[in-house]
1. Shape of segment 33-78 from its Cα gyration tensor (a ≥ b ≥ c, root eigenvalues): rounded if a/c is under 1.5, otherwise prolate when a/b > b/c, or oblate?
2. What list do you get for 77, 71 if you sort them by fewest beta carbons within 10 Å?
3. Multiply the residue separation of residue 34 and residue 116 by 0.36 nm, subtract the distance between their alpha-carbon atoms, and state the gained length in nm to one decimal.
4. Using a simple charge model, +1 on the beta-carbon of Lys and Arg, -1 on the beta-carbon of Asp and Glu, nothing else, what dipole does segment 24-145 show about its Cα centre, in debye to the nearest 20?
5. Normalised by the number of residues in segment 31-158, what is the relative contact order in percent for Cα pairs under 8 Å and 6+ residues apart?
Amino acid sequence: MKKRKAAPRKGPADQRVPRSRKGQIPGSSELRPEIGLEATVERVVEPQHTIQAVDPNLPAVFSTPAMIGLMEHASVMAVRPHLPAGAITVGTRIEVDHLKAVAPGARVQASARLVKYQGRFLVFDVEARLGDRVIGRGRVFRAIVDPRKHGDKAQAGMQR
């Protein structure tokens with residue numbers, strides 16, 4: 001009697017959750033979030049969101065780190081409801097251009113759209129806007145992780 005080969009997994013390979021070397025995300029065999037998921041978040045620029053909050057000699061304009069943080073938040077919100085139970089995403093890489101200055105009091109929006117997978121990483125196109133003006137754009141890369149293991153790795157790294 002011939003041995004049967006395992007049937008191939010159904011679904012496109014680029015829709016699978018990244019697997020550990022042992023072949024699975026702890027406690028899950030669920031599919032990856034669907035390409036095309038998106039979210040938009042907004043914030044009123046307050047003094048603590050300006051570069052002047054870091055250095056009083058600099059102008060009171062929306063800082064690049066604050067803009068990136070808003071873009072990352074939009075990326076998280078786009079996929080959070082579609083992650084395996086207990087999983088989170090963590091930022092791994094950012095490629096962003098900050099194009100225009102924005103003063104305190106302005107209401108800025110950041111949007112993120114999951115566009116592809118690159119290995120085990122989720123890749124988002126991101127954009128920040130002030131009304132119809134684009135103030136920043138780029139890509140955010142995130143990885144799906146088990147938060148308990150991720151925290152354990154961080155603690156182990158501090159002890160070295």
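Nothing in this text is a laboratory measurement; each read-out follows from the coordinates by a stated rule. Note that the structure is predicted; figures quoted are calculated from it, not measured. Reconstructed Cβ throughout: ideal geometry from the backbone, glycine too, with neighbour counts over all protein chains shown.
1. prolate
2. Neighbour counts put them in this order, fewest first: 77, 71.
3. Going from the current span to full extension adds 28.6 nm.
4. Computed charge dipole of segment 24-145: roughly 180 debye.
5. For segment 31-158, the relative contact order is 29 percent.
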